[in-house]
Amino acid sequence: LYGWAQHLVEQGKAYVDDLSADEAREYRGTLTEPGRNSPDRERTVAENLDLLKRMRAGEFADGERVLRAKIDMAHPNMNLRDPILYRIRKAHHHQTGNAWPIYPTYDFAHGQEDAIEGVTHSICTLEFEDHRPLYDWFIANLPVESKPRQYEFGRLNTSYTVTSKRKLKQLVDEGVVDSWDDPRMPTVAGMRRRGYTPAAIRHFCEMVGTSRSDGVVDVAMLEHAIRDDLNQNAPRAMCVLNPLKLTLRNVCEDHAAIVAPAHPSRPELGERELRFSGELYIDADDFREEANKKFKRLVLGKRVRLRNAYVIEAVDVVKDPAGEVVEVVADLIQGTLGNDPEDGIKPKGVIHWVEAASAVPATVRLYDRLFTDPAPDRGGADFMGFLNPQALQVVEGALVESGAAEATPETRFQFEREGYFVADRFDHSADAPVFNQTIGLRDVWASKT
């Protein structure tokens, strides 16, 4: 970029200007009045090159001089009234340290960075429309190999979200989220860590289309696209978030292993083997000693089917001294693997489970929308006041089937009856599995609104 700035000076298309910020503002003119040429506009090429070199060497103070393009101070588009290319700023840079005391402006860097990276279509939001002529001017007047083109479209905003970089930075700086790749963040890195798939994001963009006007899209559309993609492509596994011991009194060796499909409608994804024994774990929320007919899970004296396995009947419980149920005792109904019970009595429902000896303890992070209001920053409102306290819940001590625990980072699963999850790309390992919830099986926010 600095070399290209020198090129513009050599071509007589840039100059070093000594006007102060207030003077430059006065010389710039207004929307109805043309600007005036700076007294320094006619400096010689040699003088400008010397001054630019001294700016680069750090000889001048902040704000003492700038490098400007020589375009047209009477142009109706104020962005072309000799815009600034380089400013003096003696500040520490997070990548280059103190090597540079001058820095390029966004307008100067934008098109050239696109050209360096081989960008063909630079997609911007509508506020950059008036900057496009300047983008094109730089590309036309510099020896860049690539010729990118800027296009502007309406900003795509989603409900329950903020996309302002300043506001997202505030969330990071104040520790509301862990980092820019926190799964609650609407960043590419955050969405990837959350388990969103590229195909789902592309489908969402296709659904909402492009527009020349700003608008807000219901985030439920994005969630639908993600849920639909994962439903079709994520293999199944079982994870118990709140383990409750289940002891089966009549299990024999014939029941030791069960083969289940990796996906109910995708035979090409293969099968998985589920270990089965007399000691299992079910979710505590799936058991009650007594319940009404609406409760379709395990109740004393009633039958349910274990997912992909047998029908069982709860016959007894074991309680701790405080009276809490710590173990459910049940009988396995013979001949019910994949079939109706032999006596013709059908179970009330289906619950998931893991085998005690082979299950692996896991950390499961449950995520929800970051904000409770669909427009957290409308009308200048303090968006921090709409933070969702339930946006992250960390479950320690969950139990997951061994096959899922051994999966590589970023492998996605549907944990049956729980939702869609992804093995964390940084923290997950076979010995200490960590899963991030991508999305639930159904839209729970619809019922809230």
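The values are calculated or read from the model by the stated rules, or taken from the named source; none is laboratory data. Predicted model only: the values in this text are computed from it and were never measured. Cβ atoms come from the backbone with ideal geometry, glycine included; neighbour counts cover every protein chain shown. Just so you know, the surface numbers come from the protein's heavy atoms only, side chains and all, with ligands and any DNA or RNA stripped out. Shrake-Rupley method; radii C 1.70, N 1.55, O 1.52, S 1.80 Å.
Here is the figure for region 315-328: residues that are in contact (Cβ under 8 Å) with a residue 12 or more places away in the chain and within 13 Å of A284 (Cβ to Cβ) total 5. Filtering region 391-410 to residues that are of a type in the set (S, T, Y) and without any contact (Cβ under 8 Å) to a residue 60 or more places away in the chain leaves only T408.
Taken over region 413-449, the residue count meeting the criterion of being outside any loop (DSSP other than H, G, I, E, B) and at pLDDT 95 or above is 14.
Counting residues in region 102-113 that are closer than 20 Å to R54 by Cβ and part of a loop (DSSP other than H, G, I, E, B) gives one or more. Restricting attention to region 205-256, the residues that are closer than 23 Å to A423 by Cβ and within 22 Å of the chain's Cα centre (by Cα) add up to 13. In region 1-88, counting only strands (runs of 3 or more DSSP E) that sit wholly within it, the ones holding 1 or more residues that are under 19 Å from W100 (Cα atoms), in contact with a Ser or Thr (Cβ under 7 Å, 6 or more places away or on another chain) and open to solvent by 40 Å² or more (accessible area, probe 1.4 Å) span 84-88. Contact map, region 26-42: first residue modelled with pLDDT under 95, second residue not in a loop (DSSP other than H, G, I, E, B), Cβ cut-off under 8 Å, separation 6 or more or different chains; pairs are L31/M78. A189 meets each of the listed conditions (1) under 9 Å from the mean Cα position of the chain (by Cα); (2) in a loop (DSSP other than H, G, I, E, B); (3) of a type in the set (A, V, I, L, M) apart from (2).
Against the definition (in a helix (DSSP H, G or I), in contact with a Leu (Cβ under 8 Å, 6 or more places away or on another chain) and over 27 Å from F128 (Cα atoms)), how does R184 come out, yes or no? No.
Each residue in region 296-314 was checked for being in contact (Cβ under 8 Å) with a residue 60 or more places away in the chain, in a strand (DSSP E or B) and under 17 Å from M238 (Cα atoms), and 0 pass. All conditions but one from (1) among the charged types (D, E, K, R); (2) modelled with pLDDT of 95 or more; (3) surrounded by fewer than 17 Cβ atoms within 10 Å (Cβ to Cβ) apply to E355; the one that does not is (3). Residues in region 390-412 that are in a strand (DSSP E or B) and open to solvent by 20 Å² or more (accessible area, probe 1.4 Å): 8 in all. Would it be correct to say that T336 is assigned to a loop (DSSP other than H, G, I, E, B), without any contact (Cβ under 8 Å) to a residue 40 or more places away in the chain and under 26 Å from the mean Cα position of the chain (by Cα)? So T336 fails the test.
Among the candidates A189, A200, the residue that is touching a Leu at 6+ places or on another chain (Cβ under 9 Å) and modelled with pLDDT of 95 or more is uniquely A200. Can you tell me which residue within region 358-380, out of those that are open to solvent by 40 Å² or more (accessible area, probe 1.4 Å) and either in contact with a Gly (Cβ under 6 Å, 6 or more places away or on another chain) or modelled with pLDDT of 85 or more (or both), is farthest from V176 (Cα to Cα)? Within region 358-380, the match that is farthest from V176 (Cα to Cα) is P361.
Mind checking whether some residue in region 132-145 is in a strand (DSSP E or B), in contact with a helix residue (DSSP H, G or I) (Cβ under 9 Å, 6 or more places away or on another chain), charged (D, E, K, R) and closer than 30 Å to A14 by Cβ? Checked region 132-145: no residue is in a strand (DSSP E or B), in contact with a helix residue (DSSP H, G or I) (Cβ under 9 Å, 6 or more places away or on another chain), charged (D, E, K, R) and closer than 30 Å to A14 by Cβ. Just one of the listed residues (T105, T120) is without any contact (Cβ under 8 Å) to a residue 40 or more places away in the chain, touching a Ser or Thr at 6+ places or on another chain (Cβ under 8 Å) and hydroxyl-bearing (S, T, Y), and it is T120.
Screening the candidates D178, D182, D214 for the property of being open to solvent by 80 Å² or more (accessible area, probe 1.4 Å), among the acidic types (D, E) and without any contact (Cβ under 8 Å) to a residue 60 or more places away in the chain yields one hit, D178.
Checked against (1) surrounded by fewer than 16 Cβ atoms within 10 Å (Cβ to Cβ); (2) on the phi < 0 side of the Ramachandran plot; (3) not in a helix (DSSP H, G or I); (4) not β-branched (V, I, T), C124 passes all but a single condition, namely (1).
Of the candidates Y160, Y196, the single residue that is buried (at least 19 other Cβ atoms within 10 Å of the Cβ), under 15 Å from F371 (Cβ atoms) and either free of Cβ contacts under 8 Å to residues at least 24 places away in the same chain or among the hydroxyl-bearing types (S, T, Y) (or both) is Y160. Would you mind finding the one in A322, A314 that is among the hydrophobic types (A, V, I, L, M, F, W, C), at pLDDT 95 or above, loosely packed, with under 14 Cβ neighbours inside 10 Å and over 30 Å from E406 (Cα atoms)? Every option except A322 fails the conditions.
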